[in-house]
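Note sheet for the following structure.
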Amino acid sequence: MLLSKHTWAFRTMLLILWLHHSTWKTGDAIHEECSEVAQLKTAQEHCSQARRQELRNNSTAPVCRTEWDEIWCWHGADVGQVVNVSCFEVSQLFDKNYGFIYRNCTTTGWSDLYPSYEIACKFQDISPENGVYTAGYATSLISLISAIFVFTALRKFHCTRNYIHINLFSSFVLRASAVFIKDAVLFTDETQDHCSMSTASCKAAVAFFQFSILANYFWLLVEGMYLQTLLALTFVSQKKYFWWYILIGWGLPTTVLTIWVLVRKLYDDRGCWDDTEVALNWWIIKGPITASLLVNFIIFINVIRILVQKLKSPGVGGNDSSHFMRLAKSTLFLIPLFGMHYMVFAFLPENAGEDARVFIELGLGSFQGFVVALLYCFLNGEVQAELKKRLWKWQMQGYLSYSKRRRTLFTESSTITQISVLEKSSPKEQVSADLNHSVSADLNHSVSAV
C-alpha cells in the first residue's frame, strides 16, 4: 500500500512537471523541471550507493536501513528514532506550506509515512497558466488570420504599410502555431519522458518554435524601423526599403537559426535541443532577440520624443490636457506593436520575479497577436469604413438581384396571362357556336319525328 501511494505521488509530480514545461517562457526554451528530474535521479543513485554501503557493513548497519521511496531518501536510523522532512526540502514544486512528513524506525523496520506526501504537501497550482496561454494563442490565431484576409482581399489596403503589417501578423501566426505544434509533439504521449526524448520530430518542433520566436521579434523591430522612417524622413520612397525589411524580418532569423541548428547538431546534440545548460549555445538565440528588443526600445523612445515635438508645434490645436491624452493614447498603441512589455525582464536573471514574468510573458504575450490585429486592423477607421462600404454594396447587390428576379417573374407571369386570354374564344364566336349546336339539335329532332 505504501509503494502505491508513493508511486501515485511520484507520477503526480511528473504530471505537474509536464504541465509546467508546457508553459514555456516567451522567447525561451527553458524547462527547469527537467533539472528537477535529473536531481531526483542523482539522489536515487546516491541513496542506492548508501544502501549498498550499509549492506557491506552488515555488522554496524542500522536496524532501519537507507530506503528510497521514489521521491525521498530516508537514511538509516535506529529503533525508536523519528525522522522528519519538510515538503520544501522534498521538492521545489511543493508550495512553501511548511508541511512535514514523518517516519518511525521500529523493530520491524520503517513505518508508513504519516501523513503522506499528497496530504502534507500542497502542489503548486500551475494549470490555470496553461489554460491562459492556450486561450490567448487560440484567440490570436483567429484574429490574425482574419486580419490577414482583410488586408489581402481588399485591394485598397495593398500598400507598403499594410504589407509590413501582414508579415508581422504572419510571424504571430507562426509563433502561436509553433506553440501548439511543440506541445503536440512533446506532450501528447504522457508515457514518454520529454526530458530524455531525443527524436528528429521533437528537435524539428523546437527549431521551428525558435524560428517563429526570432521572426516575431525581428518583425516587431521592422515595424519600429518603418515608423521611425516615416516620422524622421517625410519624403522617402517606401518601396525602396521594403525588401530590406523582408531581409531583416525573415532573412536574419533564418541565418541565426541555421547557425544554432548546426552548433547543436555538431557540438551539443542532446535531448530535444530545448535546454540552456550550454550558455554559448543559448545566446545564439537569446543574443539577437535581446539586441532587437534594445534597438526597438531606443526607437520607441525616439518615436515618443518626435510625437511630443509634433504635439507642441504651433500648428497643432488643443490644450495641454488634450495633448497629453493624445500622447498617452499613441504610447499605449505603440507598446504592443514594439513589444515593449518584454523589456521588463529582458535583462534580468531568469528566476527574477517569476510570478510577474509568467503573467507578462504568458498572459500578455499570448494575447499580443490579438491586440495587434485589433488595434491595427479591426479598430482602424479606414478599415471599418471600407468594410461598411463593402457590406452596404453587398446588401445593395442582393437587393437589386432580388428586385430583378421579381420583375422577371412579374413579366413572365403577365405574358403567360395574356397568352392564355388570347387563346380563349371571343363572346361572338361563343354565341355562333351555341346557335349552330341548337340548329343541329332541332334538325336531328325533326328527322327522328318523321
Using 1/(1 + (r/R0)^6) with R0 = 22 angstrom and r between the beta carbons of SER201 and PHE180, what's the FRET efficiency to the nearest 0.05? 0.95
Two decimals is fine: what is log10 I(q)/I(0) at q = 0.14, 0.19, 0.32 Å⁻¹ for the range 145-185, from a Debye sum with one equal scatterer on every Cα and no solvent? -0.37, -0.57, -1.02
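Within 15 Å, Cβ to Cβ, of PHE157, how many net charges do the neighbouring residues add up to if Lys/Arg are +1 and Asp/Glu are -1?
Working: positive: ARG155, LYS156, ARG161, LYS388, LYS389, ARG390; negative: GLU382, GLU386.
Within the 15 Å Cβ shell, the charges total +4.
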For TYR102, other-chain or 5+-apart residues with amide H closer than 5 Å (H placed, Pro excluded) are TYR114
Residue-wise HN-Hα coupling along the range 78-86, computed from phi with Karplus coefficients 6.51, -1.76, 1.60 (Hz; x: Gly, Pro): 9, 4, x, 7, 10, 10, 10, 9, 7
If packing is taken as the average number of other Cβ atoms within 10 Å across a peptide's residues, how do 62-70, 140-148, 368-376 rank, most packed first? 368-376, 140-148, 62-70
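Throughout, read-outs are computed from the coordinates displayed, never taken from laboratory work. Everything quoted here is computed from the prediction, not taken from an experiment. Glycine gets a Cβ as well: all are built from the backbone with ideal geometry, and neighbour counts include every protein chain shown.
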